[in-house]
6 protein chains.
Amino acid sequence: MDNERFERGMEMLREVDGQLGDRVVESLSDVAPDLARLMVEFAFGDVYVRPALNLRDRELVTIAALAAKGGCEPQLKVHVNGALNVGLTRDEIVETFLQIAVYAGFPAALNAVFAAKAVFAERDG
Amino acid sequence: MDNERFERGMEMLREVDGQLGDRVVESLSDVAPDLARLMVEFAFGDVYVRPALNLRDRELVTIAALAAKGGCEPQLKVHVNGALNVGLTRDEIVETFLQIAVYAGFPAALNAVFAAKAVFAERDG
Amino acid sequence: MDNERFERGMEMLREVDGQLGDRVVESLSDVAPDLARLMVEFAFGDVYVRPALNLRDRELVTIAALAAKGGCEPQLKVHVNGALNVGLTRDEIVETFLQIAVYAGFPAALNAVFAAKAVFAERDG
Amino acid sequence: MDNERFERGMEMLREVDGQLGDRVVESLSDVAPDLARLMVEFAFGDVYVRPALNLRDRELVTIAALAAKGGCEPQLKVHVNGALNVGLTRDEIVETFLQIAVYAGFPAALNAVFAAKAVFAERDG
Amino acid sequence: MDNERFERGMEMLREVDGQLGDRVVESLSDVAPDLARLMVEFAFGDVYVRPALNLRDRELVTIAALAAKGGCEPQLKVHVNGALNVGLTRDEIVETFLQIAVYAGFPAALNAVFAAKAVFAERDG
Amino acid sequence: MDNERFERGMEMLREVDGQLGDRVVESLSDVAPDLARLMVEFAFGDVYVRPALNLRDRELVTIAALAAKGGCEPQLKVHVNGALNVGLTRDEIVETFLQIAVYAGFPAALNAVFAAKAVFAERDG
């Protein structure tokens, strides 16, 4: 029965994060498999699937939150990828971090932009 | 010349925050008038006016950032109002804070929802 | 089926937080009932029930986390109550915040101690 | 022997914070007297007395740190008072928070300025 | 006389952190030897020695605080080691970070689990 | 006309940060040139030039804020350099981070001291 939530979550995780999502789950499989499972079930199986915000808006919210919090560069990279996967443009992502400068300061904005720059470069391969 | 940026900023501030924007500026007029002026010029005159994100998306980013950072309840109330003014629905605002629970924890989500609840109640008179 | 998780979560929530838990759920019932439900299901129905840490240790972890993060005084009060409910002593709670002074600074410790002081006073009637 | 550190700390605490310092110590005397003692001994008896920074610079550092961290409004008020006591001007304090807007965002600056405004008003009686 | 606090602190530091504690102290010896001394005296000589919480509980509090704060990965690694040294199991440490997901979000939990994973791998040689 | 603010800002940026300032601007030139421009215009062209605090005090405030916030090590390195450029001594910088230990905890102080240590080593070349 939780299998249903897990499967629904993995499907959503893959739609948003592509193979990076699988990689996060795998990297937890030896030390904290239950953290991976709960994250997939709750975050992706329960929350992301809700229709009240579309995926593009969820990723906009997520990259704004991670940039404002700070210290979440690995997760920010996963979600800059996710944001691009669900339809945000590079310009919108960079502009989001410019908006963050107003509310969390320039260091938060710079750290986020450099994370985005690394993701863009990787995707340009 | 900075007058132009200030005027443009005040116009934008009023479009987003309505009379609450004026109130913040006024509340700074005795102790820190230059902070008010720089905030209007930079945040609203330079950043909000940029076309790369529309106002609805900017407010979505802003309430996500303030909720994730925490400790910004007064600003969160101003921007929940702003979010409603520029077209976000109450459901979208609450759903944004539900998404925040995943990335910044339930206390951050609860504090933000209670700020929104206070704003909704005030608007309902 | 999620009813089972919800019921299990409400039972756990009541064991930890007593009637304060119900009050948080009720206070969300008009604006964000789904946030309440997801919190009960995930936090209390999925996480708190796990045997890998007992409730006393979970509350120790929770008050340490809330004190270190800062800006979570309402939640800290709920969980200082919870900590007392599941067997931590007042001395252990205060000592936890003294330990927090080392890792998050004296302001974080002071804010947490004043939250605890308010809870102790309320319980003393 | 720690009495010496405590006495030296209380003297320094009073030089910086005036009677507000005593009030913080007293407010801890029932629930967490050891936190008060360790704070006086370590923060004021060990750190503030060091000649490598003068008191004016220490308070400049302290109000900048508290404003940037956020969620420390009670401590910020004590130290805006302290800053004034050891020679910083109101203009320098407000300008410090303007500088904070660049590095921690406008909400952090606004919260700090409103704390300062309250302190200034109280001192003007 | 402070020698006594320092010696007591170094003994405690070694009991908790093993040779990693000495390494932190040594790494500060050229630029900030007084920070090392004050940390040993205050954190380990004054606080850790107090009987109100045992070492196992202090390390539980410490890893919870560091994980919730974020941006403290080097210190988190030292204290995951410390936690293991004073009797916490790997399962309890990982479960602590799962509990952190509820209160500080999944990114904080993930960063902490990956720090723990690195420590476990190093100890397994 | 904004050219004037930009030129004034670049001059100030170079006075404070030397060639590191140019390097930050250049590193943004491909992905986020407008973030660089707005940072130069606002932070350095509008704020740093204000006479209410001298450059030495501004850098003291800045390194205190960055250390207290945490997760800003790249910016902290730039501004430890800046602090040295505008007249703060190595001892004053290290002492600032010792003061930070009181208000934001030892991990924040340690991370900042290690950033300073790296900058000192690089300058000693």
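Some observations on this one:
- Within the stretch E:19-44, restricting attention to residues that are part of a loop (DSSP other than H, G, I, E, B) and either of a type in the set (Gly, Ala, Ser) or under 22 Å from E:LEU88 (Cα atoms) (or both), the residue that is most open to solvent (accessible area, probe 1.4 Å) is E:SER29.
- Neighbours by Cβ (under 6 Å, 6+ apart or cross-chain): first from the stretch C:48-67, aliphatic (A, V, I, L, M); second open to solvent by 40 Å² or more (accessible area, probe 1.4 Å): C:ALA52/E:ASP91
- Note on the stretch A:68-81: residues that are in a loop (DSSP other than H, G, I, E, B) and in contact (Cβ under 8 Å) with a residue 12 or more places away in the chain amount to 1.
- Of all the residues in the stretch B:67-78, those that are within 9 Å of another protein chain (Cβ to nearest Cβ) and open to solvent by 10 Å² or more (accessible area, probe 1.4 Å) number 6.
- Failed item, numbered, when B:GLU95 is tested on (1) surrounded by fewer than 24 Cβ atoms within 10 Å (Cβ to Cβ); (2) touching a Phe, Trp or Tyr at 6+ places or on another chain (Cβ under 7 Å): (2)
- Selection status of D:VAL16, open to solvent by 30 Å² or more (accessible area, probe 1.4 Å), of a type in the set (A, V, I, L, M, F, W, C) and within 14 Å of chain F (Cβ to nearest Cβ): no
- Total residues in the stretch E:8-41, condition within 15 Å of the chain's Cα centre (by Cα) and of a type outside the set (A, V, I, L, M): 10
- Here E:ALA118 fits the description: open to solvent by 30 Å² or more (accessible area, probe 1.4 Å) and not basic (Lys, Arg).
- Only one of A:ALA108, A:ALA64 that is under 12 Å from the mean Cα position of the chain (by Cα) and either more than 9 Å from chain B (Cβ to nearest Cβ) or within 25 Å of D:ASN111 (Cβ to Cβ) (or both): A:ALA64
- Scanning the stretch B:3-24 for residues that are of a type in the set (A, V, I, L, M) and at pLDDT 95 or above yields B:MET10, B:MET12, B:LEU13, B:VAL16.
- Residue within the stretch F:87-100 that is within 14 Å of F:VAL16 (Cβ to Cβ) and away from chain E (no Cβ under 12 Å) present: yes
- Residue in the stretch B:85-92 that is touching a residue at least 24 places away in the same chain (Cβ under 8 Å) and open to solvent by less than 10 Å² (accessible area, probe 1.4 Å) present: yes
- Leading residue by the ranking (nearest to the other protein chains (Cβ to nearest Cβ)) among those in the stretch C:45-61 that are open to solvent by 10 Å² or more (accessible area, probe 1.4 Å) and not in a helix (DSSP H, G or I): C:ALA52
The values are calculated or read from the model by the stated rules, or taken from the named source; none is laboratory data. A quick note: this is a predicted structure, and the numbers were derived from the prediction, not measured. Cβ sites come from the backbone with ideal geometry, for glycine too, and all protein chains shown count toward neighbours. The accessibility values were calculated without ligands, DNA or RNA, using every heavy atom of the protein model including side chains. Shrake-Rupley method; radii C 1.70, N 1.55, O 1.52, S 1.80 Å.
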